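The values are calculated or read from the model by the stated rules, or taken from the named source; none is laboratory data. Here the structure is a predicted model, which is why all the values come from computation and not from measurement. With ideal geometry, Cβ positions are generated from the backbone for all residues, glycine too; neighbour counts draw on all protein chains shown. With ligands, DNA and RNA removed, areas are computed over all heavy atoms of the protein, side chains included. Shrake-Rupley method; radii C 1.70, N 1.55, O 1.52, S 1.80 Å.
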Amino acid sequence: MVKLAIVVPCYNEEEIFEYTSKELENLIIELINKNKISKDSYVLYVNDGSKDSTWLCIENACQKYDHCHGLKLAGNVGHQNALLAGLHYVKDKCDASISIDADLQDDIQVIEEMIDKYNEGHDIIYGVRKDRSSDTFFKRFTAQSFYKIMHAMGVKSVYNHADFRLLSARAMQQLALYKERNIFLRGLIPLIGYKSACVYYARKERIAGESKYPLKKMLSFAFDGITSFSIKPITFILGLGIFIVIVSCIAILYTLISYLFGWTAPGWSSIMLSIWFIGGVQLLAIGLIGEYIGKVYVEVKERPRYNVEKVIEEKDHETTL
Ligand code: UDP
Ligand code: MG
């Protein structure tokens, strides 16, 4: 029977924590009773440097429930790294993990189906949203554009899949070999290449607390996703540069001929336009190259992606690391 660890990154989730911890405890008990998972399966809450009382809530839940563990990170490292910290922590302590957001917008009822798929021999099981009706038009549109751009850049990622997925222990061990700091799990996990499957569900709305992904964060997440996985934008800029050089040569030739034959000189507007255009393209190119150099800079430092401060694995027993 599979020993399951459900990994839940939590950042300022005090409003919803009671609901979440109760639902997940009940789910674990239900799955144990159905003989789907082993008795020592558990939920690991990763506190990502919350500024509110989330850690206290986790401590209380670990007292109250039998299948609750806690991991306290020393600071806020963001959703992806917090999740990674949890996955690294459980990779040698269970047979499979399921990652899910603390707001339980993803349907926990399909977890059983994920386990069935795992037992059939799949290492990676993606939770995929059937529809996006609970999203605003804007979020739907931006999400769709994001997937299309990612696809065009040659990044394989599962459409409409967020970070709700099952990973086998060996998939987690492989994941631990990817050392990059700019982590984007949705793009990384398909690279592991083990046998995968999908389960489908309808996503609910957040019942309490607010989204930690405002527009600005969402855009930077999308941009990071693209630049961490593909150098196509640089290739594109190079192509654009070559094209503009060719166009400039033609323009220079035309200007020279006009000069030699005494035709009227090109006017102010065309000069202004070219200055602006070329200037713009150059800035864009420099900015883009800067973005990649910035990424290299962050990667070469090899700073730890997270620091674990405390662990709770049993009732009344908190270990400080
Ligand atoms: N989260 C985190 N660290 C952060 C921001 C978010 O661990 O810096 C967690 C958050 O607690 C939640 C998950 O990441 O469990 C996804 O966040 P949220 O539900 O706000 O995102 P949305 O569903 O709106 O995209
Ligand atoms: Mg959410």
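List of remarks:
- The set of residues in the range 56-105 that are of a type in the set (S, T, N, Q), open to solvent by 40 Å² or more (accessible area, probe 1.4 Å) and within 23 Å of residue 315 (Cα to Cα) comprises 60, 63.
- With respect to the conditions (1) in contact (Cβ under 8 Å) with a residue 40 or more places away in the chain; (2) in a loop (DSSP other than H, G, I, E, B); (3) charged (D, E, K, R), residue 113 lacks only one, and its number is (2).
- Residue within the range 290-308 that is assigned to a helix (DSSP H, G or I), among the polar types (S, T, N, Q) and open to solvent by 80 Å² or more (accessible area, probe 1.4 Å) present: no
- Yes/no for residue 71 being part of a strand (DSSP E or B) and closer than 16 Å to residue 5 by Cα: yes
- Residue among 169, 265 that alone is modelled with pLDDT of 80 or more and touching a helix residue (DSSP H, G or I) at 6+ places or on another chain (Cβ under 9 Å): 169
- The single condition from (1) closer than 25 Å to residue 236 by Cα; (2) open to solvent by 40 Å² or more (accessible area, probe 1.4 Å); (3) in contact (Cβ under 8 Å) with a residue 40 or more places away in the chain that residue 156 fails is (3).
- Any hit, the range 173-191, residues being modelled with pLDDT of 80 or more, surrounded by 13 or more Cβ atoms within 10 Å (Cβ to Cβ) and among the aromatic types (Phe, Trp, Tyr): yes
- Checked across the range 123-143, the condition of being in a helix (DSSP H, G or I), in contact (Cβ under 8 Å) with a residue 24 or more places away in the chain and more than 16 Å from ligand 2 (Cβ to nearest atom) holds for no residue.
- Residue selected from the range 7-51 under the condition closer than 24 Å to residue 79 by Cα, away from ligand 1 (no atom under 12 Å from the Cβ) and not in a helix (DSSP H, G or I), by the criterion nearest to the chain's Cα centre (by Cα): 44
- Scanning the range 194-210 for residues that are surrounded by 13 or more Cβ atoms within 10 Å (Cβ to Cβ) and not β-branched (Val, Ile, Thr) turns up 194, 195, 196, 197, 198, 200, 201, 202, 203, 206, 208, 209.
- Total residues in the range 221-239, condition open to solvent by 60 Å² or more (accessible area, probe 1.4 Å) and modelled with pLDDT of 80 or more: 2
- Per the conditions (1) open to solvent by 10 Å² or more (accessible area, probe 1.4 Å); (2) farther than 20 Å from residue 71 by Cβ, the sole criterion not satisfied by residue 18 is (2).
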